[in-house]
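Asks: Could you have a look at this structure, given as structure tokens, before my questions?
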Amino acid sequence: MSGEEENLLKGQSTDKNYWDAVIILDVLDGINPEAKITVKKFRNRFKRAFKLEEISHKSDAIDKVISYCECSLKGLNETDETFIKNLFQVIRDSILVILSEQVMLETSQKLSVEKDEMIVKLKANEENLMVQADLDEYLLQMKKLDEENCDFQEVPPYGPFEKHDSNGFLLKRKYVEYFKRYDENSIEQPTGSLFQQKDRIRLIYSMLCGAMNVEYIKSLGIIKDFVPLSEPYFLSSLEKDWGNFKFSLKSIFHTQDKETIRIYFGEKIAIYFCWLEFLMKSMMGIGLISIGLTVLSLVFGNTDDSNNKITGGEFIFLLLALVFPIFSTIIEQLWLRYQSELSWKWGASDFKLVENQRPEFNGKYIKCPISGKIKKVKKKSNWVWIRTTVSVIVIGTFVSLVLATIAGLFMYKSTLDENTNGPLIVGIVNAIQIKAFNIIFIYVAQWLNDLENYEYPSEYNNNLTIKVFLFEFFNNYTSLFYIAFVKRHIEGCNDDNCINELTFQIGAIFITNLVLSFLEILVAKLIEKIKVWREKKALIKKFGIEPELTEEEKQAKLSNYEEPISDYVEVAISYGYVIIFGATFPLTSTLFLILVIVKTRVDAWKLCTLARRPFPDIAESIGVWFIIIQIVSVVGAITNIGIAVFTTDVLEIEESAYKWVTFLLFEHVILFFKVLASFLIPNVPYKVDTGKTWSSRMVNERLYGKVADVEKVREIRNLHFTRNGENYKHEDIKSDN
């Protein structure tokens, strides 16, 4: 580093007395002692682990690693088929060399109290973080200028960090003058580091991935995990407020501190909680309307219908059947607008997902002609069709089990007296059956996904999401669709009215699910206490006393926060109860509001208390879940109109043909409104749209000197229009030709 660079770095570095992340290494041999591995196979693994096939130049660190590897293999030849007992030791020691001598991370190593893991603490200095940010073209937010007071200038631009220009010269002003600075607690300050802790965690992991194939080494069992460490300043704030049940009881509708959640957990988790908060606020209005209409239906629902006119209760049902599809369309468009505003404020709008292959992806290693890197390519075989067939058979089997279980429940219910508690018990059992099948199928869907061999994490997660949601949709709603549209023609309904039974079934299922959600808190807390108790007992048995764990070990022993698919699907299915069957049981929207409040607090508490700090992933939207919500909304529109026309006598139409005409008429009107609303309510607010355009212009002007103003361009480049080419000589033009 030059003296000029050292001077520029003064005032930027922060004296951090804590670490940003740890990697956990297995110090035990994870290979079966009975297994055998050829020397050639070992060398291939070693090369893949450290990307030696892709390195075009050698460094001292790489030379040291290769020398160590060769010494470890001394005496073994390519034909010997022997088990290399020190395989883990070779790669583990090589990892430590790479960390300290190639990536230049500051490290601190310590064996766990049980001597089975090595915990390596990591942090990077400001200079190395800037190098990686330059390599990644990492987006950093610029400072807000005093004259920027318009609405579209509310969010300062995000620009790619570049430390040097194309000729290798240090770009002083680009990062010294324009970008924001932060103190060690990630709070904006006039001086300090260019990076918040979430930025440091992302860049450190990127540094690791540039030097070694982290996911591949994980698959070998040598690296157990990469764990971002907690940031005490933010975690204590979140624990006292956001993740605290006692505080929640005092202020149920307390607004979340979205910025703190984003800075600590990353945009992907923050946008999930923003979605929950948006649903909570949206349901307040429709919940109050539903309660009011429910009261009116109780008052006017049994009015004498001597003149064959629609009763008060029937009119309210028809009104809600039209209101819920309209309501769902409006909140979908409003969420799109809110989501785009959040991604703009967080600098996630221009986020481009760059993925590595999943280590579990099964393929053949080749040198990719496009990227020039060694990567796996899926083998062409008939196994693809076999795996697909297995998936269809397994999913079909589970669907059949659901149908058989529901058929059994309804057969048993038909033998019960309607005036006893039998129907209520059947409804509760149905809810428990739904929950049990949902829990089991998540593991089955993961197994099927592994079998189908997806190459990238996004493909894996999207396909898992679709599998889980479609099954849960079928599992949760089959009994309700049966009562609404089929039961009347097969079993018959009490007084030829299936609506009361449908209302009762929805209420029993939804309330039972709500109770089970409350139980989730107690179960999670109990499991965590049992886990801690077992670990303490094992340590006391081994050492005679309970040893003192370091803070890093305590965090490493916490559970991983998994991809929130089950959390999303629970909310999406519950939302479906409101949108699809809300007209039948109006109080569903109020119960859903309670569920969202509980869900928000439970998930916040688990993140702050029970789980490790997750990797702060970036995301600009809720992804495939918005498409799922739209599908639920369309199904809700069709179902509500279908119940009004075919199941109830609200419209008093006897002829089947007239019923179908009426159904198609109403259904097309509602769907037309949904399409019309999507055009009339723009997905992106005008402020956000103009703000993005302005930000792009500012980045080009400040960082690259590309002035947008035509007059300034003329002045800078000394360009002028002339009359009759008076500034050019005829000979010059002729010579050019």
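Where a number appears in this text, it was derived from the coordinates with a stated rule and is not lab data. Worth saying up front: this structure is predicted, and the values here are computed from it rather than measured. Ideal geometry is used to build each Cβ from the backbone, glycine not excepted, and the neighbour counts take in all protein chains shown.
Asks: Rounded to the nearest 0.05, what FRET efficiency do N500 and S656 have when you use their Cβ-Cβ distance and R0 = 30 Å?
Replies: So, using R0 = 30 Å, E works out to roughly 0.80.
Asks: Also, I was wondering about something else. Quick check: pseudo-label points 7 Å beyond the Cα along Cα→Cβ at L558 and F626, how many nm apart are they?
Replies: Here the modelled spin labels are 3.0 nm apart.
Asks: Next question. Return the distance in nm (one decimal) between the two label points of a simple spin-label model at L409 and E528, each offset 7 Å from Cα along Cα→Cβ.
Replies: For the pair L409/E528, the computed spacing is 3.1 nm.
Asks: Pairs to check: K180/K268; K281/K557; K123/K554. Give those whose C-alpha atoms are more than 27 Å from each other in this structure.
Replies: K281/K557
Asks: Further question on the same structure: Taking the Cα centre as origin and putting +1 on Lys and Arg beta-carbons and -1 on Asp and Glu beta-carbons, what dipole magnitude results for the range 245-652, to the nearest 20 debye?
Replies: Charge dipole of the range 245-652: 2060 debye, to the nearest 20.
Asks: Kindly write out, for the range 353-363 in residue order, the coupling ³J(HN,Hα) from the Karplus curve 6.51 cos²θ - 1.76 cosθ + 1.60 (θ = phi - 60°), rounded to whole Hz, with x marking Gly and Pro.
Replies: My calculation for the range 353-363 gives 6, 10, 10, 9, 5, 5, x, 7, 5, 9, x Hz in order.
Asks: If amide hydrogens are placed 1.01 Å from N in the peptide plane, which non-local residues have theirs closer than 5 Å to the one on D225?
Replies: Counting only residues 5 or more places away or on other chains, the set is I24.
Asks: Another question about this same structure. Enumerate by residue number the GluC sites (Glu not before Pro) in the range 601-693 meeting two conditions: DSSP loop (anything except H, G, I, E, B), and at most 15 other Cβ atoms within 10 Å of the site's Cβ.
Replies: E652, E654, E655
Asks: Separate question: Counting other Cβ atoms within 10 Å, which chymotrypsin sites (Phe, Trp or Tyr not before Pro) in the range 189-290 have at most 11 and lie in a DSSP loop?
Replies: F253
Asks: Label-point separation (nm) for K378 and R337, each offset 7 Å from Cα along Cα-to-Cβ?
Replies: 4.1 nm
Asks: Then there's this: Give me a comma-separated list of calculated 3J(HN,Hα) values for the range 326-334, in order, Karplus coefficients 6.51, -1.76, 1.60 applied at θ = phi - 60°, integers in Hz, x for any Gly or Pro.
Replies: 5, 4, 5, 5, 5, 5, 4, 5, 5
Asks: Counting other C-beta atoms within 10 Å, which of R723, R697, R717, R612 has the fewest, and how do the rest follow?
Replies: Working: R723 6, R697 15, R717 9, R612 18.
The order, fewest Cβ neighbours first, is R723, R717, R697, R612.
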